[in-house]
Amino acid sequence: MDVVPFKREHLMNILIQNQQEGFQEMLTPFVMRQLEKDGFTAIDDGEILGCAGATELSPNRALVWAYISRNVGSRMIHITRAVKRYLSIAPYRRIEMDVDCDFPEAHRWARMLGFELECERRRAYTPDGKDCALYARVL
């Protein structure tokens with residue numbers, strides 16, 4: 001698996017998980033430019049497995065994001081390791097992660113990455129009206 005800097009075309013070529021499909025509506029040109037500032041893509045034999053990164057909200061605070069391929073399978077362990085490495089060098093004291101309340105695998109992944117649940121449910125949080133939980137990792 002190779003880890004390369006994120007480019008907007010990576011998201012156009014990923015077979016995204018069913019649970020994440022609605023979030024593509026938020027990917028305006030402005031948002032894509034922000035994601036390209038500090039993101040990476042995991043590629044295995046030409047297949048995009050996932051894209052992830054952080055968007056700075058203030059000098060000590062960032063919001064992490066990730067889009068994962070529905071074909072990632074057992075290679076998810078490599079994605080998890082890459083994200084953990086990224087988090088270990090991120091220059092932020094507080095890192096937040098929004099998780100769809102109806103996506104149990106994402107909740108489990110947030111905990112595996114060292115995030116703690118801060119807010120169980122923020123109602124109608126996404127553009128399409130889904131509820132999200134707030135996880136945070138504070139150093």
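Since every read-out is calculated from the coordinates, none of them should be taken as a lab result. Keep in mind it's a predicted model, so treat the numbers as computed, not measured. Cβ atoms come from the backbone with ideal geometry, glycine included; neighbour counts cover every protein chain shown.
Looking at the stretch 64-83, is at least one residue of a type in the set (D, E, K, R), crowded, with 18+ Cβ neighbours inside 10 Å and within 24 Å of ALA133 (Cα to Cα)?
Among the residues of the stretch 64-83, not one is of a type in the set (D, E, K, R), crowded, with 18+ Cβ neighbours inside 10 Å and within 24 Å of ALA133 (Cα to Cα), which makes the answer no.
Yes or no: the stretch 34-47 includes at least one residue that is surrounded by 15 or more Cβ atoms within 10 Å (Cβ to Cβ), in contact with a Cys (Cβ under 9 Å, 6 or more places away or on another chain), without any contact (Cβ under 8 Å) to a residue 24 or more places away in the chain and among the small types (Gly, Ala, Ser).
Among the residues of the stretch 34-47, not one is surrounded by 15 or more Cβ atoms within 10 Å (Cβ to Cβ), in contact with a Cys (Cβ under 9 Å, 6 or more places away or on another chain), without any contact (Cβ under 8 Å) to a residue 24 or more places away in the chain and among the small types (Gly, Ala, Ser), which makes the answer no.
Just to be sure I understand, how many residues within the stretch 86-107 are within 18 Å of GLU120 (Cβ to Cβ), assigned to a loop (DSSP other than H, G, I, E, B) and not aromatic (Phe, Trp, Tyr)?
Keep residues of the stretch 86-107 that are within 18 Å of GLU120 (Cβ to Cβ), which gives 96-107.
Imposing the further condition that a residue be assigned to a loop (DSSP other than H, G, I, E, B) reduces the set to 101-103.
Keeping just the survivors that are not aromatic (Phe, Trp, Tyr) gives 101-102.
Counting residues in the stretch 86-107 that are within 18 Å of GLU120 (Cβ to Cβ), assigned to a loop (DSSP other than H, G, I, E, B) and not aromatic (Phe, Trp, Tyr) gives 2.
Among the residues of the stretch 114-133, count how many are of a type in the set (A, V, I, L, M, F, W, C) and surrounded by fewer than 18 Cβ atoms within 10 Å (Cβ to Cβ).
Total meeting the criteria: 3.
Test of understanding: among VAL4, VAL64, which residue is more than 14 Å from the chain's Cα centre (by Cα) and assigned to a strand (DSSP E or B)? Full working, then the answer.
Details: VAL64 fails: more than 14 Å from the chain's Cα centre (by Cα).
The match here is VAL4.
So is ILE14 of a type in the set (Val, Ile, Thr), surrounded by 15 or more Cβ atoms within 10 Å (Cβ to Cβ) and not in a strand (DSSP E or B) or not?
The answer is yes for ILE14.
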